[in-house]
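First comes the structure, then the notes that go with it.
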Amino acid sequence: MSETQAADIYDLAVIGGGVNGCGIARDAAGRGARVLLLEKGDLASGTSSASTKLIHGGLRYLEHHAFALVRESLIERERLWAIAPHIIHPMRFVLPWTKGLRPRWMLRLGLFLYDHIGGRRALPATEAIDLRRHAAGKALKPGFGPAYCYSDGWVDDARLVLLNARDAADLGADVRTRTAVVRLERVEGNWHIQTRTTQGFEQAFHARAVFNATGPAVLDLLDRAHRPTDRHMRLVRGSHIVVPRLFDHDHAYFFQLPDGRIFFAIPYERDFTLIGTTDRDHQGGLDHVVPSDEEIAYLCAAANRYFARPIAPADVLWSYAGVRPLVDDGSPAGGGDARLSTGH
Ligand SMILES: Cc1cc2nc3c(=O)[nH]c(=O)nc-3n(C[C@H](O)[C@H](O)[C@H](O)COP(=O)(O)OP(=O)(O)OC[C@H]3O[C@@H](n4cnc5c(N)ncnc54)[C@H](O)[C@@H]3O)c2cc1C
């Protein structure tokens, strides 16, 4: 191989410009690797801009005994906050005790663990509150009393991706957006990566290693690399709605539902409330994922169990949906076990 050809070979090609791809590209470039990042659309155009926007440990995963996962995420929570305090800020979450749902001892135990297993340093600890007197009770229907107030973080999710990509580029990574990988093959020990831009321009790249960070399109990329797998993925859609502000304080809510699920209601862009999420098996394509009418109605009904001011689908100003790729272990959508197999 000539010297010119060798210089054209990247150490690592990362495919997918979501939070994982951009984070990996930044990390590898920071270690001195020659990195190429290929994203078929815009950075963060996939699941990474359609999340609930929490920097959290995943309180509900404690129920599935995922202590190591929660601990790791809690440690990362304060680390990320320290790195990017301009786009991440602490938030207090109000978790009301609801008669007939999880008992108070279980909520207290879960929050005790949440406060203590992840090396919490700067965030305030959980406190017990009474919604008959606390400001967070005013927006709720009458009848709620005991509740818990715990800490997590909020993030501008798309900006987190962009900042990782920006940093990767500053560290020398070659970041190419609107560049889809259409085919990959191993040629003489290197990866030959065929791409096509949205304008139809075709270009080939070469790399010693490839990282498949295409999120829900992970199996599609394996197909393009002619790497069949007997592992099965399940795509699960999670949707959010945005409605005019339902409360005028800066706490968020973590609510339980009788089906065992939970959902969040979060102050959003000052004048709005963000409500989500759902868990529905996703059958369609990945380029234009939107909430179904049924999910929007479900989220309105969920909010109406708690908030004094009822909302209807006609009140929804904006909605969005993202898709999680789960390793298919046969459990139904919404079952926590399959979700945990993603590791995040
Ligand atoms: C409803 C919902 C709520 C969530 N809430 C939270 C939360 O609050 N906090 C949290 O930490 N996590 C949350 N998550 C999880 C988190 O959003 C995901 O783990 C994360 O966004 C996954 O990022 P990713 O980079 O793997 O995938 P993606 O963001 O989907 O990125 C994959 C990228 O690959 C690109 N791509 C695909 N095929 C190709 C190709 N052939 N060539 C080039 N590019 C390609 C896509 O365009 C896409 O941009 C949530 C997830 C969902 C679904």
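With helices as the sole contributors, the chain gives -7500 deg cm²/dmol at 222 nm; each DSSP H run of n ≥ 4 counts as -39500 (n - 2.57), and the sum is divided by every residue. A simple spin-label model places pseudo-atoms 7 Å from Cα toward Cβ; at R186 and I75 they are separated by 3.3 nm.
Give, in nm to one decimal, the length gained when the segment between A209 and D223 is fully stretched (0.36 nm per residue of separation minus the Cα-Cα distance).
On the way: separation 14, 0.36 × 14 = 5.04 nm, distance 1.71 nm.
The span from A209 to D223 would gain 3.3 nm if fully extended.
Computed in the context of the full set of protein chains, the accessible area of region 48-198 at 1.4 Å probe radius has 55% of its extent on carbon or sulfur. Proximity of backbone amide H atoms, modeled 1.01 Å from N, is registered between D328 and H232, M233, R234 at under 5 Å, excluding neighbours fewer than 5 places apart on the same chain. Checking every one of the GluC sites (Glu not before Pro) in region 184-218 against DSSP loop status and a limit of 14 other Cβ atoms within 10 Å picks out E188. Note that the chain presents 50 Å² accessible area per residue, ligands and nucleic acids not counted, probe 1.4 Å. Basic side chains Lys and Arg get +1 at the Cβ, acidic Asp and Glu get -1 at the Cβ, and with that the dipole of region 66-151 about its Cα centre reaches some 380 debye. Of the residues S51, S151, ranked by 1.4 Å probe accessible area with the largest first, the sequence reads S51, S151. Counting only lysines at least 8 places from K99 when in the same chain, those with an alpha carbon closer than 23 Å to its own are K138, K141.
A simple spin-label model places pseudo-atoms 7 Å from Cα toward Cβ; at V327 and N304 they are separated by 4.1 nm.
The charge dipole of region 1-125, taken about the Cα centre with unit charges on the Cβ atoms of Lys, Arg (+1) and Asp, Glu (-1), comes to about 980 debye, rounded to the nearest 20.
Find how many whole Å separate the alpha carbon centroid of region 28-55 from the alpha carbon centroid of region 265-300. For region 265-300 versus region 28-55, the Cα centre distance is 22 Å. Sparse packing (at most 13 other Cβ atoms within 10 Å of the Cβ) combined with a DSSP loop state is found for the following trypsin sites (Lys or Arg not before Pro) in region 12-58: R31. The charge dipole of region 207-274, taken about its Cα centre with unit charges on the Cβ atoms of Lys, Arg (+1), Asp and Glu (-1) only, comes to about 400 debye.
Tell me which of V218, F254, T273 sits at the most positive position along the dipole axis of region 200-286, charges placed on C-beta atoms (Lys, Arg +1; Asp, Glu -1). In region 200-286, that residue is V218.
Please work out the FRET efficiency for the pair H86 and W318, using the Cβ-Cβ distance as r and a Förster radius of 30 Å; give the result to the nearest 0.05.
Values: r = 24 Å, r/R0 = 0.80.
With a Förster radius of 30 Å, E is 0.80.
Label sites at D42 and D230, each approximated as a point 7 angstrom past Cα along Cα to Cβ, lie 4.3 nm apart.
The values are calculated or read from the model by the stated rules, or taken from the named source; none is laboratory data. Remember, predicted model here, so these are calculated numbers, not experimental data. With ideal geometry, Cβ positions are generated from the backbone for all residues, glycine too; neighbour counts draw on all protein chains shown. Just the protein is used for accessible areas: all its heavy atoms, side chains included, with ligands, DNA and RNA removed. Shrake-Rupley method; radii C 1.70, N 1.55, O 1.52, S 1.80 Å.
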